[in-house]
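The values are calculated or read from the model by the stated rules, or taken from the named source; none is laboratory data. These numbers come from a predicted model, not from an experiment. Cβ placement follows ideal geometry from the backbone for every residue including glycine, while neighbour counts extend to all protein chains displayed. These area figures cover heavy atoms from the full protein model, side chains too; ligands, DNA and RNA do not enter into them. Shrake-Rupley method; radii C 1.70, N 1.55, O 1.52, S 1.80 Å.
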Amino acid sequence: MPRGLIILFATASGLSVANVYYAQPLLDALALEFRISHAAVGGVVTATQLGCALALLLLVPLGDLIERRRLMAIQLLALVASLVAVGLAQSVMGLLAGVLGVGLLGTAMTQGLIAYAASAAAANEQGRVVGAAQSGVFIGLLLARVFAGGISDLAGWRGVYFCAAALMLAIAVPLWRRLPSVPVSTNKMSYPRLLASMLILLRQERVLQVRGILALLMFAAFNVFWSALVLPLSAPPYQFSHTVIGAFGLVGVVGALIATHAGRWADRGYSQRTSAIALALLLLAWWPLSLMSWSLWTLVVGIVLLDLGGQALHVTNQSLIFRTRPEAHSRLVGLYMLFYAVGSGLGAIGATTTYAYAGWQGVCLLGSAVSLLALLFWWMTRRILPVAPPSTRS
């Protein structure tokens, strides 16, 4: 695959997923304007993740049925409309409906592009291409907080969503011109049968089951941290602006860039070793994160470890899943990311609730408990892998 096309996949994926995460550093501003308590404002993120879940069940699988290039164009325009609707929201219900739509269409775009990249790549470069596209997703997720913080300080939280709509319109032209035509399966099925086949895939594919549970636990831990971080940093003694809080997301880019190699390691057969290291880093990250009140440098170290471990595990998971059913990439990524959406939603509401009653140390204890559970689950299921040639190492 040409390098320019890989970069386009990564850029478009990053811009698409960023829309889903703009709300996180804005939670205190949303709580103030719409008079939502800190304990309940995590529901904004949960509504977004509900949209993600619906997208994974109802929209992402369409990539196995409809020509992907045309599908991407329709979803992109609908996403722009949802972003504008959030920017114009005047009530809590309007806000929740808008962010649900952003979660729905932002997720459909992001995961549709990942499946698109996997289908367009040659078999021997699939891990590398998916890893590059997924690194775009991870960097977009992290930079979303920086972007949202900076724009909200300049133009308010509504300006964040209007600017996001403009960015999606800007990427539409190169996507339409450059994305390759990838034939869909000649075995056409109806939309109801397509959705029903997802249950069969989930029941039959052990690798999908195992890697899905790992994704649920990993993203729950990830969102425990990022959903709660704005609350202590915006309060005394820090009282940081949204720009400063969002800038902490830049630190995670270091870990995300290092973790792009996870796809290459999976191509070479080292998927289980990579998984073990990633989960150990995820657990270790909570120790420096818990020392934030002692020094903000420990927060920086913890963010790097958290993002490195999370990204490496995520890329490895997808590389393994895409090896099982080449004709069902969209359905596989939809099912896998459904686990992610559930974990993210639970992590967000768990983080804000825990912070309200137990403070930052309670949040760190919750995150470390979830990370330890993920490591133990991997150890119990480490022998479950896709069928591979005898020469492949794991």
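Listing for the model above:
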{"read-out": "Diffusion coefficient, µm² s⁻¹, Stokes-Einstein with Kirkwood Rh over alpha-carbon pairs of the stretch 115-225 at 4 °C and 1.567 mPa s", "value": "72 µm²/s"}
{"read-out": "Protein-only accessible surface order, largest first, of TYR22, TYR355 at 1.4 Å", "value": "TYR355, TYR22"}
{"read-out": "Choice from LEU201, LEU229, LEU79 with maximal GNM fluctuation in the chain (Cα, 10 Å cutoff)", "value": "LEU201"}
{"read-out": "Computed P(r) (all Cα pairs; the stretch 305-383; 10 Å bins; percent)", "value": "15, 40, 31, 11, 2"}
{"read-out": "Debye equation applied to the C-alpha atoms of the stretch 164-319, log10 I(q)/I(0) at 0.11, 0.12, 0.15 Å⁻¹", "value": "-0.65, -0.75, -1.00"}
{"read-out": "Accessible carbon and sulfur surface of the stretch 78-201 relative to its total accessible area, %, 1.4 Å", "value": "69 percent"}
{"read-out": "Listed residues TYR270, TYR336, TYR357, most fluctuating in the chain (Gaussian network, C-alpha, under 10 Å)", "value": "TYR357"}
{"read-out": "Residue-normalised accessible area of the stretch 227-366, expressed per residue, 1.4 Å probe, Å²", "value": "36 Å²"}
{"read-out": "Geometric extent, Cα atoms of the stretch 260-301 - Rg, Dmax (angstrom)", "value": "14.1, 42"}
{"read-out": "P(r) of the stretch 79-142 over all Cα-Cα pairs, binned every 10 Å from zero, in whole percent", "value": "22, 35, 25, 14, 4, 0"}
{"read-out": "HN-Hα J in Hz across the stretch 7-16 - Karplus 6.51, -1.76, 1.60, θ = phi - 60°, x for Gly and Pro", "value": "5, 5, 4, 5, 5, 5, 5, x, 5, 5"}
{"read-out": "Accessible-area composition of the stretch 257-378, carbon plus sulfur, in percent [1.4 Å probe]", "value": "74 percent"}
{"read-out": "9 Å beta-carbon shell around VAL182, net charge (K/R +1, D/E -1)", "value": "+1"}
{"read-out": "Vicinal HN-Hα couplings computed from phi for the stretch 148-159 (Karplus, 6.51 cos²θ - 1.76 cosθ + 1.60; Hz; Gly/Pro x)", "value": "5, x, x, 5, 5, 5, 8, 10, x, 5, 5, x"}
{"read-out": "Global geometry of the chain, whether rounded, prolate or oblate, following the gyration tensor of its Cα atoms and the 1.5 cut on a/c", "value": "oblate"}
{"read-out": "Spin-label model distance (nm) - LEU5 vs VAL84, 7 Å beyond Cα toward Cβ", "value": "3.3 nm"}
{"read-out": "CD proxy at 222 nm, helix term only [per DSSP H run n ≥ 4: -39500 (n - 2.57); per residue of the chain; nearest 500]", "value": "-27500 deg cm²/dmol"}
{"read-out": "Taking the chain and dividing mean pair separation by its residue count, relative contact order in percent (alpha carbons under 8 Å, at least six apart)", "value": "27 percent"}
{"read-out": "Within the stretch 185-274, trypsin sites (Lys or Arg not before Pro) in DSSP loop having at most 13 other beta-carbon neighbours inside 10 Å", "value": "LYS188, ARG268"}
{"read-out": "Per residue accessible area of the stretch 1-158, 1.4 Å probe, in Å²", "value": "32 Å²"}
{"read-out": "For the stretch 175-223 versus the stretch 288-337, the gap between their alpha-carbon centres in whole angstrom", "value": "18 Å"}
